[in-house]
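Below is one structure, written out as C-alpha cells; the observations come after it.
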Amino acid sequence: MEVTECRASDVEVLERVDSTGPNRWHEHKYQRQVAGLSTYLVAWDGDVPVGHGEIRWDGCASPTVLEAVPDCPELNGLVVYREELRGRGIGTALIQAAMERAAARGCERIGLGVGADNPGAARLYERLGFVPAVEYVDVWSMRDQHGVSHRFEDPGWFLVRELTPPR
C-alpha cells in the first residue's frame, strides 16, 4: 500500500471507486489542494484507491473547535472505502502520512473529529496518541441525486495529537 497526494488524473478514478454523486467531493478536495488550502491524501493498493483523508491546513470548520484549538490543521473525512479492508492499516497509514506532512510544515499538532457513533475509529485514534480536546457538533450538507440539499448534524469529539518535528 502507498499513500500519495491526489493528482488531477486521480479524481475520476476516485469517483468510480467511491462515487460522491452530484457533490463531486473528490473534485472539491482536489481543488482545495490546488488552492493551497489542503493536502488530499489517497491510499492505494496497487492502482486501486482504498481510502482517503484531507489535511485542512486552515483547521476544522467548526467555530467551537477553532476557538478551543486554534492553529491546528485537521485531518478531515478519513475513509477506508470497503468494510472488509478496515483493520488492515489503511487508516493508520493515512494518519501517519498526515502527521508527517504536518510536522514537515512545522505544525505542532494535528487534529481530527470522531463521531459519537464511531467507537471503533475512536479506539484507533486513541492508540495513535490522539486525545480529546473539545466536544462539538459537526454540521455539514450534501445534495442528493435530485439536487436537494440535506443538512446533517453529527455530535462528536475533536481529538488532537502533538507532533514531533522532523530531524
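Here, each number is a calculation from the coordinates, and none is a lab measurement. Just so we're clear, the structure is a prediction, and the values are computed from it rather than from any experiment. Note that each Cβ is placed from the backbone with ideal geometry, even for glycine, and that neighbours are counted across all protein chains shown.
For Glu74, the conditions (1) among the acidic types (Asp, Glu); (2) closer than 26 Å to His28 by Cβ; (3) out of contact with any Leu (no Cβ under 9 Å at 6 or more places or on another chain) are fulfilled apart from (3).
Taking the stretch 42-55 on its own, how many of its residues are surrounded by fewer than 19 Cβ atoms within 10 Å (Cβ to Cβ) and either more than 17 Å from the chain's Cα centre (by Cα) or more than 20 Å from Glu83 (Cα to Cα) (or both)? Qualifying residue count, the stretch 42-55: 4.
Rundown of residues vs (1) under 21 Å from Leu112 (Cβ atoms); (2) in contact with a Cys (Cβ under 9 Å, 6 or more places away or on another chain), yes/no style:
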| site | (1), (2) |
| --- | --- |
| Cys6 | yes, no |
| His28 | yes, no |
| Gln31 | no, no |
| Val34 | no, no |
| Asp45 | no, no |
| Gly59 | yes, yes |
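Out of Gly120, Gly91, one residue alone is without any contact (Cβ under 8 Å) to a residue 60 or more places away in the chain, more than 23 Å from Glu5 (Cα to Cα), small (Gly, Ala, Ser) and assigned to a helix (DSSP H, G or I). It is Gly120.
Hey, can you tell me all the residues within the stretch 141-167 that are touching a residue at least 60 places away in the same chain (Cβ under 8 Å) and either of a type in the set (S, T, N, Q) or surrounded by 11 or more Cβ atoms within 10 Å (Cβ to Cβ) (or both)? Can you show your working first?
Restricting attention to the stretch 141-167, the residues satisfying the condition of being touching a residue at least 60 places away in the same chain (Cβ under 8 Å) are 142-145, 147, 158, 160-161, 163-166.
Residues satisfying the conditions are Met142, Arg143, Asp144, Gln145, Phe158, Val160, Arg161, Leu163, Thr164.
Applying the condition of being without any contact (Cβ under 8 Å) to a residue 40 or more places away in the chain and among the basic types (Lys, Arg) to the stretch 1-51 and asking which residue is farthest from Ala98 (Cα to Cα) yields Arg16. Among the candidates Tyr125, Tyr136, which residue alone is in a helix (DSSP H, G or I) and among the aromatic types (Phe, Trp, Tyr)? On inspection, the qualifying residue turns out to be Tyr125.
Within the stretch 1-41, the residues that satisfy the criterion of being buried (at least 16 other Cβ atoms within 10 Å of the Cβ) and either of a type in the set (Ser, Thr, Tyr) or closer than 21 Å to Cys72 by Cα (or both) are Lys29, Tyr30, Arg32, Gln33, Ser38, Thr39, Tyr40, Leu41.
With respect to being in contact with an Asp or Glu (Cβ under 7 Å, 6 or more places away or on another chain) and surrounded by 15 or more Cβ atoms within 10 Å (Cβ to Cβ), Tyr81 fits the description. Entry remark, the stretch 11-28: residues being part of a loop (DSSP other than H, G, I, E, B) and touching a strand residue (DSSP E or B) at 6+ places or on another chain (Cβ under 8 Å) number 1 in total. Among the numbered conditions (1) under 19 Å from Tyr136 (Cβ atoms); (2) in a loop (DSSP other than H, G, I, E, B), the only one that Ala8 does not meet is (1). Of all residue pairs spaced 6 or more apart or on separate chains, those with beta-carbon atoms under 6 Å, a first member in the stretch 71-88 that is among the β-branched types (Val, Ile, Thr) and a second member that is in a loop (DSSP other than H, G, I, E, B) are Val80/Arg86.
Considering only residues that are β-branched (Val, Ile, Thr) and in contact with a Gly (Cβ under 8 Å, 6 or more places away or on another chain), look in the stretch 127-167 and name the one that is farthest from Pro22 (Cα to Cα).
The first filter runs over the stretch 127-167 and keeps only residues β-branched (Val, Ile, Thr), leaving 131, 134, 137, 139, 148, 160, 164.
Now narrow it down to the ones that are in contact with a Gly (Cβ under 8 Å, 6 or more places away or on another chain): 137, 160.
Details: Val137: 25, Val160: 32 Å.
The selected residue is Val160.
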